[in-house]
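Scroll down for the structure; my scribbles are underneath it.
The values are calculated or read from the model by the stated rules, or taken from the named source; none is laboratory data. Treat the numbers as computed from the prediction; the structure is a model and nothing was measured. Glycine also receives a Cβ, built like all others from the backbone with ideal geometry; neighbour counts cover every protein chain displayed. For accessibility, only protein heavy atoms count, side chains too; no ligands or nucleic acids. Shrake-Rupley method; radii C 1.70, N 1.55, O 1.52, S 1.80 Å.
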Amino acid sequence: MNSSSSSNNVVPFWGGPDLQDEKSKSILYGNLPHSREINASKWDRMLNFWQTAIFNLCRQYNSVSFSINDLKAMFTLGGLSPLCLERVIEEMESKGYIMDEETFQTESSQQGWTVWAVNKMVKTPISWAWGKFISNPKKKNVANRVYILKDVLREQSEFVINHFQKEGIKLIELNELLKFIGDKQTSIGISSVKTPQIIIDCLIHEKKAVIFDIPSQSDPNLKGVKLGSSSFDETDVGILRLQMTLQTLERQQK
């Protein structure tokens, strides 16, 4: 879903009334001043507009990750693409609103799991994208570097925990959890397919989830997740195995 396909007369949900006026639009889609001291009002206006647009886009699409190229594609209107996004991202990073993927991996206490998830478990296009981006980000063009919007990540992580608490579910197969998160988001580009893994890593890092092995003959790499806890025991493994068996029998009876 690309904003460039929208009618020029339709203001996209992330843009607001500023885009209804062509003069205002041309200013917002131009370059930021070289520094705030040159033109403080223009600097603040452009920065606030694009920061809000990025938050609106990611929240609407339930995506915690993006690249500058993703944003350029989504924010293109009538063939006009914003020229200031690199500078906007620099400012957002300096304010602590976002972090790049490498920083997130470094801070995550479960780095090993993210690498394992690519090689061993995820058998969808998600694994391809994760493997493609997990190589050294410093060597990539800045426009393709993956960034994580910290507030949206926090919100999405809390949503996942709250959803399953309301459903009374504490134990779930990892594949099912990844699918649940992936199904509720709309892609804003190739980088956003990493959202499910990033959210689960965040839950683990905050000690709100733990991953454990539940290998079977059909899938020796099968994993389970205990939500709302940072530890598990063999009882949890047995309960999840029983749940999965009952779910399989129910599907066979339908």
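Looking only at region 42-98, which residues are among the small types (Gly, Ala, Ser), assigned to a helix (DSSP H, G or I) and open to solvent by 10 Å² or more (accessible area, probe 1.4 Å)?
ALA73, SER94
Please count how many residues of region 177-199 are surrounded by 15 or more Cβ atoms within 10 Å (Cβ to Cβ) and free of Cβ contacts under 8 Å to residues at least 24 places away in the same chain.
Total meeting the criteria: 0.
For region 216-254, which positions are of a type outside the set (S, T, N, Q), surrounded by 11 or more Cβ atoms within 10 Å (Cβ to Cβ) and closer than 30 Å to PHE104 by Cβ?
Passing the criteria: ASP219, LEU222, LYS223, GLY224, VAL225, LYS226, LEU227, GLY228, PHE232, ASP236, VAL237, LEU240.
Looking at (1) part of a loop (DSSP other than H, G, I, E, B); (2) surrounded by fewer than 11 Cβ atoms within 10 Å (Cβ to Cβ); (3) at pLDDT 90 or above, can you tell me which one SER7 breaks?
Status for SER7: all satisfied but (3).
Can you pull out every residue in region 24-41 that is surrounded by 11 or more Cβ atoms within 10 Å (Cβ to Cβ), in a helix (DSSP H, G or I) and under 30 Å from the mean Cα position of the chain (by Cα)?
LYS25, ILE27, LEU28
Tell me which helices (runs of 4 or more DSSP H) are completely within region 172-254 and hold 2 or more residues being more than 19 Å from the chain's Cα centre (by Cα) and not β-branched (Val, Ile, Thr), or say none if there are none.
Numbers: elements: 174-183, 195-205, 234-253.
In region 172-254, 234-253 are the helices (runs of 4 or more DSSP H) which contain 2 or more residues that are more than 19 Å from the chain's Cα centre (by Cα) and not β-branched (Val, Ile, Thr).
Which members of region 200-210 meet the condition of being in contact (Cβ under 8 Å) with a residue 60 or more places away in the chain and open to solvent by 40 Å² or more (accessible area, probe 1.4 Å)?
HIS205
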